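Contents: one structure, followed by commentary.
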Ligand code: EPU
């Protein structure tokens, strides 16, 4: 298992190129199940979750190939009809990646049947999928739960009006894909408005779907019988970009993130300015510099356009060094503070009270052995290691590899002393 060895403290300086968004690429890959044609997806990041989704798609009869332009996905005709009718996402893969559930909507809509292992909880919360299932039922699917699997059937889904009782990113994406092949009009209310949802809608429109309102709470979809091939470039990863910007602020650095959509980063940039950083914005880049004091500011995570839960852990690392008390409230997931006991091992003072983490004031961090528990918690610990005195060893880096492309190389280029040690 790989570890990161980080020698701190350091100051980050330079520019870093941001990859395509993992959370936009995952549903885009799942959308390949909707067509009997080829999809070309550009800017798919070479991270572990993407490899897992490609393996899952291969089991479901979609082959994917790396080409010069991106990832090309097409039905595996060598398998014949039999092969193409493997409609099951097995527990072995789903348990390693919850986003596997994104194959449910497209599989059902295109093949009339899908059997997907229930994902169960994970390190950051219970994460049920009842909204996905209620939405598919509203479109006429029969949904049964047995043996840890959800089994859904529908000869052809029928458009309907459905209101999510809780806004969900994956739920909105599953329903968008399913409704694109349903008969008639679907109106989805209280949808997630994340840029990744909008990006999926753009891809589906390129494939021939008729979708209006993506990025707003209500989305209209006019179903069609067939979708076709498309060429699509996924948006850049606002969470990867946000992670490097927070790292720059934390280390009193000067970093330019390139190949980003600055509009997707507004809530974070506003907060980083309040905490004492200077931010310059270009058409596809953001430069952050911090020379002066780092001020404490409270944060409440919220669905987009609010402050992203996926940057909460990294922001908390920043607050351990800020002047004054800060409170960070996690309102999206119920158990997303597992980085806190690890930060405490490095000397941070943080009190947890339910969904609140309170930092009474700054403390110097010192290098220690710490354990990553999930993707963003790992990023938080790496960031803490950049300002800690001495050597920090972050264990279980495989969590980090799920969503960050070559983080050690990108940090090295910015001047950090980070090494990956494989054992
Ligand atoms: N929820 C329900 N019922 C449902 C669906 C969701 O109660 O049927 C709850 C969840 O338990 C959670 C909240 O609603 O408390 C939001 O969940 P959502 O469905 O929006 O999240 P997701 O689709 O499972 C995606 C990202 C996450 C990101 C969240 C929130 C992907 C592949 N994953 O998850 O990304 O944190 O949206 O923005 O897009 C990450 O990249 O580290 C990550 C965890």
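Using a ≥ b ≥ c from the Cα gyration tensor of the range 332-423 (square roots of the eigenvalues), is it rounded, prolate or oblate, where a/c under 1.5 gives rounded and otherwise the larger of a/b and b/c decides, a/b for prolate? Here the range 332-423 falls in the oblate category. Taking 0.36 nm per residue of separation and subtracting the current Cα-Cα distance, fully stretching the chain between residue 419 and residue 212 would add 69.9 nm. For a paramagnetic label modelled on residue 78 (point 7 Å from Cα along Cα→Cβ), amide N atoms under 16 Å away are absent within the range 18-42.
The slack in the chain from residue 58 to residue 17, taken as 0.36 nm per residue of separation less the alpha-carbon distance, amounts to 11.8 nm. Please state the shape class of the range 256-365: rounded when a/c is under 1.5, otherwise prolate if a/b exceeds b/c and oblate if not, all from the C-alpha gyration tensor. Because a/c hits 1.5 or more and a/b fails to exceed b/c, the range 256-365 counts as oblate. Here the simple spin-label model places points 7 Å from the Cα toward Cβ, and for residue 155 and residue 258 these points are separated by 5.7 nm. Shape class for the chain: prolate, because the ratio a/c of the largest to smallest gyration tensor axis (alpha-carbon atoms, square roots of eigenvalues) is 1.5 or more and a/b beats b/c.
Annotation for residue 189 and residue 96: the two label points, set 7 Å from Cα along the Cα-Cβ direction, are 4.2 nm apart. Every helix of 4 or more DSSP H residues in the chain counts as -39500 (n - 2.57), and over all residues that averages to -8500 deg cm²/dmol at 222 nm.
With both labels modelled 7 Å from their Cα along Cα-to-Cβ, the residue 36 to residue 369 distance reads 5.7 nm. Measuring nothing but how far apart in sequence close Cα pairs (under 8 Å, 6+ apart) lie, relative to its length, the range 92-209 scores a relative contact order of 25 percent. Protection proxy ranking for 388-398, 217-227, using the average of other Cβ atoms within 10 Å per residue and placing the highest first: 388-398, 217-227. Per residue, the average separation of C-alpha pairs within less than 8 Å and at least 6 apart gives the chain a relative contact order of 22 percent.
Computed from the coordinates by the stated procedures, all read-outs in this text should not be read as laboratory data. All values derive from a computational prediction rather than experimental measurement. Note: ideal-geometry Cβ built from the backbone for every residue, glycine included; neighbour counts use all protein chains shown.
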